[in-house]
Amino acid sequence: MTDSLLQSNTPAGSIADKWDNYKADMKLVNPNNKRKFKVLVVGSGLAGASAAASLAELGYDVEVFTFHDSPRRAHSIAAQGGINAAKNYRGDGDSVHRLFYDTIKGGDFRAREGNVHRLAQVSVNIIDQMVAQGVPFAREYGGLLDTRSFGGSQLQRTFYARGQTGQQLLLGAYQQMARQIGLGTVKLWNRVELVDTVTVDGRCAGIVTRDLVTGEVRSHAGHATVLCTGGYGNAFFLSTNAMNCNVTAAWRAHRKGAYFANPCYTQIHPTCIPQADDTQSKLTLMSGSLRNDGRVWVPLNAGDNRAADEIPEAERDYYLERLYPSFGNLAPRDISSRAAKRAVDSGRGVGPLKNGVYLDFSAAISRLGKDVVKERYGNLFDMYERITGENPYDIPMRIYPASHYTMGGLWVDYELMTTIPGLYAAGEANFSDHGANRLGASALMQGLADGYFVLPYTIGNYLAPMLNKPVPGTDHEAFKTAENEARGRFQTFLDIKGTRSPDHFHRELGKIIWDRCGMERTAEGLQQALTDIPALYDEFKTDLRVTGTGSSVNQTLEKAGRVDDFFQLGMLMCRDALERNESCGGHFRAEYQDEEGEAQRDDDNFAHVAAWEFTGDPMKSNRHKEELEFETIHLAKRSYK
Amino acid sequence: MSNHLQNLNLKIWRQDGPADGGRFESYLVGSISDEASFLELLDVLNEQLIGEGEDAIAFDHDCREGICGTCSLMIDGQAHGPQRGTATCQLHMRKFASGDTIVVEPWRATAFPILKDLMVDRSPLDRIVEAGGFITAATGGAPDANIIPIPKPVADAAMDAAECIGCGACVAACPNGAANLFTAAKVSHLNLLPQGQAERWSRVEAMVETMDEHFGSCTNHGECEAACPKSISLDFIALMHKDYRRAKVKNRKLISQI
Ligand SMILES: Cc1cc2nc3c(=O)[nH]c(=O)nc-3n(C[C@H](O)[C@H](O)[C@H](O)COP(=O)(O)OP(=O)(O)OC[C@H]3O[C@@H](n4cnc5c(N)ncnc54)[C@H](O)[C@@H]3O)c2cc1C
Ligand code: SF4
Ligand code: FES
């Protein structure tokens, strides 16, 4: 049964009417009263920038916080492949319903129908809005927008801007927000990090930040706070996320009462450049769009050491085309990643460390010509060459799965509100729309949907009844307590004076999580991790070394705080994975698979969201459930054969 | 298989804070894989320094994929180092040899005060965008995206300009500390597109004048283009100047009609 705190508040009505019904019934704030409300937006990625710009345009008093030096550097900038929308410009049979269905199915039937349908509905407005902002999407010769296909879909509904879609979308949203900054309606706090959220009488009263240049700890009060702080893929240490992506904002809110949903739902992306050596600090994604024209293969026989061009066709195994004939190289990410792992584990890995599979463009080059391939993927090929020193026009690329995206995150209801009233989570930071697996090109869509087209409505509904009622200011003792705790916490890191750096611990923690809670999980492995992580965490607390001081730029100290939070999250990820006795999407438990090695869901017992309540120790958090109700879609086995 | 470079001598700028005078310090990294990136070299050195109880070297970085524009190092006197069209984070050690001495400094420009070591404050670039680097189109009212067909060459040219990652290498490379290439890239991205026409003249005026408040003047050295990791073309500067001159005339005309 659904826990009483976890009411989704999905509006009544048929699936297609829910969002309209919501908007018809919601409370409104008069335009002149909006400036009386202060909204704190943490994060300036697609979700944060679009929310801040839209809220300020409506008239709210907005403050934006980012640890980056400029809002334009948020990790959204790195998205390559594209953004989905149910525009059906190609007339290939797309519709809101189909995008809705594909997203639910792609998520292995573990997402909330109401939210996902709304996402599909507003997807069409996103493209309009972004074109109006001057995003130079790819065009056909006739001048109309071009689209392409992406993993997990048989339609061409993905809009793109060369291999830099995230960059162009973020610049669009950033510029829209920059206009408001110039007008004085958005106040920007750059190079500051949220280090705590503050609640008074059960409501979110604001946040505490640490200035990354001066070390100053400071409180900010607001009527509502929105966390748009991205995902936690860096828990694995090596991932495609930017170096500074972290879970701190979400985790600190979790410690203050926000439930954390489905932490074990993480996405391992099939097409990343394999690790080259031990000093490696991060992995680089080769956009999933490459699978449109590249063919994935490994040698048929284990131990085949010949160069790729010396292996004849008959001795190659195009395993995705073989196993999933209708989707082939475009099979969804979780499935493709596991298939790659199996190929490498069977001794058929390629490259100097035998830790990759080939992504081969020779067929595309002979079919389309080198120029067309270059036009489509030139910048990705160049990036590959800079990193590996190999030219992918001549030698097939080598790829391997890596941590990329996290479907889990702060639990939110239909209004994107967490279990703390007045605290919202949007973008990758929430758990809402992708169930147990996200389809390619759907994260950008969700971030912008949340920020442009959902929050501006739902926040008003919360604020309207608060008009002219006083809210706690930063002189409230709850803020003072939180400030002192934050100062004390960072001082503690400096005072341990042990022998190992935060990076050292992060690397070791990441390895445990990758080995035990990565692409394939077992009860035994997870139990081991739940012994190993707390043991390593104890060492962290007694043997950490942070040099420098707390009163100037100190990236070692910043990192210590982030790694501390990753430790606690890591325990929760493993506990969540252990409790979910089924396989679904990115969560693959080796014990639960069918004869063909495909994920076996258990809808009778696990068609729910697991939302965790912090109790002071992540090893003792309480698990709560939100039952998922499927009124429109029939639960089916997810097949891509 | 990866090879290792031995004995790299690093001369790195250390500066405690904005008020400190700063100095070069020498460090030795005994061994590093040629597969490592330049920033991974600094990671290795920082681990070494923390091991010795020293302050780690502060430097800005994030995506390490050449797209966020956060990394910003002067390597042997060249913004982003020796490889053309490549941001610091995408520079790999295979471009160096054992025994090399490598000099690493922060961006140096009057508009970019040093915060610590190799980290500078580039926020004046944001001020230029806030002055006019946008299209005014509030959320909600946009017409269908396909209502204005945009010829592919026009969209492509706008995209060429829009690729700028806002790193500031152009400013650091310029003997005058000018931000013309950055500003021109942003102006051109929007001024080339049909959606950008309504604000074309006010945009270029506001952006150029804000740029002039913060940065030095362009005297056509062209160092910016050579340093730019996205190879943004100098042609965009010409386009910006042309639009700026026309804007001045147009705006004067408008005023005379009042
Ligand atoms: C390499 C790569 C390629 C991708 N390609 C695609 C793609 O083609 N299509 C697609 O749909 N999705 C893609 N994704 C996923 C997508 O990019 C992200 O999910 C999405 O951009 C996240 O946006 P966001 O606004 O939620 O967060 P982010 O863009 O990550 O922004 C987070 C913001 O929060 C701030 N922040 C975080 N913590 C704090 C704190 N404690 N205090 C202050 N500020 C804080 C940061 O400064 C930043 O401004 C890709 C992801 C990766 C890693
Ligand atoms: S124009 Fe080039 S060098 Fe200048 S900020 Fe943009 S990308 Fe960097
Ligand atoms: S770190 Fe992002 S461009 Fe270099």
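Only the coordinates and a few stated rules stand behind these numbers; no lab work does. The structure presented is a predicted model; accordingly, all values stated were derived computationally and were not measured. For neighbour counting, all protein chains shown are included, and Cβ atoms are generated from backbone atoms with ideal geometry for every residue, glycine included.
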* Given H placed on each backbone N at 1.01 Å, which residues far from A:ILE633 in sequence or on other chains put an amide H within less than 5 Å of it? -> none
* Interchain or long-range residues, amide H under 5 Å from B:ALA179's placed H -> B:GLY216
* Using a/c under 1.5 as the rounded threshold, could you call region B:9-60 rounded, prolate or oblate? The axes a ≥ b ≥ c are square roots of the C-alpha gyration tensor eigenvalues, and prolate needs a/b larger than b/c, oblate otherwise. => prolate
* Asked: Which net charge results for the neighbourhood of A:GLY351, defined as the other residues with beta-carbon distances under 14 angstrom from its beta-carbon, given Lys and Arg at +1 and Asp and Glu at -1?
  -> -1
* To do: For region A:154-224 and region A:491-515, write down the distance between their C-alpha centroids in whole Å.
  => 28 Å
* Asked: Across peptide A:201-214, what mean number of C-beta atoms from other chains lies inside 10 Å of a residue's C-beta?
  -> 1
* Take peptides A:482-491, A:549-558, A:291-300 and line them up by average Cβ neighbours within 10 Å, highest first, as a rough protection proxy. => A:291-300, A:549-558, A:482-491
* Greater than 31 Å apart at Cα, pairs in A:LYS370/A:LYS511; A:LYS38/A:LYS256; A:LYS256/A:LYS469 -> A:LYS370/A:LYS511
* Asked: A:VAL62's amide H: which non-local residues (gap 5+, or another chain) put their own amide H closer than 5 Å, with H modeled 1.01 Å from N in plane and none for Pro or chain starts?
  -> A:VAL39, A:LYS187
* **Kirkwood hydrodynamic radius (C-alpha pairs) into Stokes-Einstein, region B:4-116, 10 °C and 1.306 mPa s, D in µm²/s** => 110 µm²/s
* How fast does chain B diffuse by Stokes-Einstein, in µm²/s, taking the Kirkwood radius from C-alpha pairs at 4 °C and 1.567 mPa s? -> 65 µm²/s
* To do: First select every other residue whose beta carbon is under 12 angstrom from the beta carbon of A:GLU428; then total the charges, Lys and Arg +1, Asp and Glu -1.
  => -1
* Asked: What shape does region A:311-362 take by its C-alpha gyration tensor, where a ≥ b ≥ c are the square roots of the eigenvalues and a/c under 1.5 counts as rounded, a/b above b/c as prolate, and the rest as oblate?
  -> oblate
* Anisotropy class of region B:122-250 from Cα gyration tensor, a/c 1.5 cut -> prolate
* Asked: Taking a temperature of 10 °C and a viscosity of 1.306 mPa s, what whole-number D in µm²/s does Stokes-Einstein yield for region A:477-608 with Rh from Kirkwood over alpha carbon pairs?
  -> 95 µm²/s
* Structure fact -> Listed residues B:ASN146, B:ASN46, B:ASN220; largest mean-square fluctuation, Gaussian network over chain B with Cα springs below 10 Å, found at B:ASN146
* Structure fact -> Karplus ³J(HN,Hα) for region A:524-536 (6.51 cos²θ - 1.76 cosθ + 1.60, θ = phi - 60°; Hz, whole; x = Gly/Pro) runs 4, x, 5, 5, 4, 4, 6, 8, 6, 5, x, 5, 5
* Structure fact -> Computed ³J(HN,Hα) along region B:166-175: with the Karplus parameters 6.51/-1.76/1.60, θ = phi - 60°, integer Hz and x for glycine or proline, the list is x, 7, x, 4, 4, 5, 5, 7, 6, x
* Using the number of other C-beta atoms within 10 angstrom as an exposure proxy, rank B:LEU8, A:LEU170 with the fewest first. => B:LEU8, A:LEU170
* Taking each residue of B:45-57 in turn, how many C-beta atoms of other protein chains fall within 10 Å of its C-beta, and what is the average? -> 4
* To do: Excluding residues on the same chain fewer than 8 positions from B:LYS248, give the lysines whose Cα lies under 23 Å from its Cα.
  => B:LYS186
* Asked: So how long is each side of the protein assembly as shown along the principal axes, counting just the alpha-carbon atoms, biggest first, in Å?
  -> 75, 69, 64
* Asked: Taking the Cα centre of each part, how many Å lie between region A:571-641 and region A:307-325?
  -> 34 Å
* Could you please report the charge total around A:ASP94, scoring K, R as +1 and D, E as -1 over all other residues with beta-carbon less than 9 angstrom from its beta-carbon? => +3
* **Net dipole in debye of the protein assembly as shown [+1 Lys, Arg Cβ; -1 Asp, Glu Cβ; about Cα centre; nearest 20]** => 2160 debye
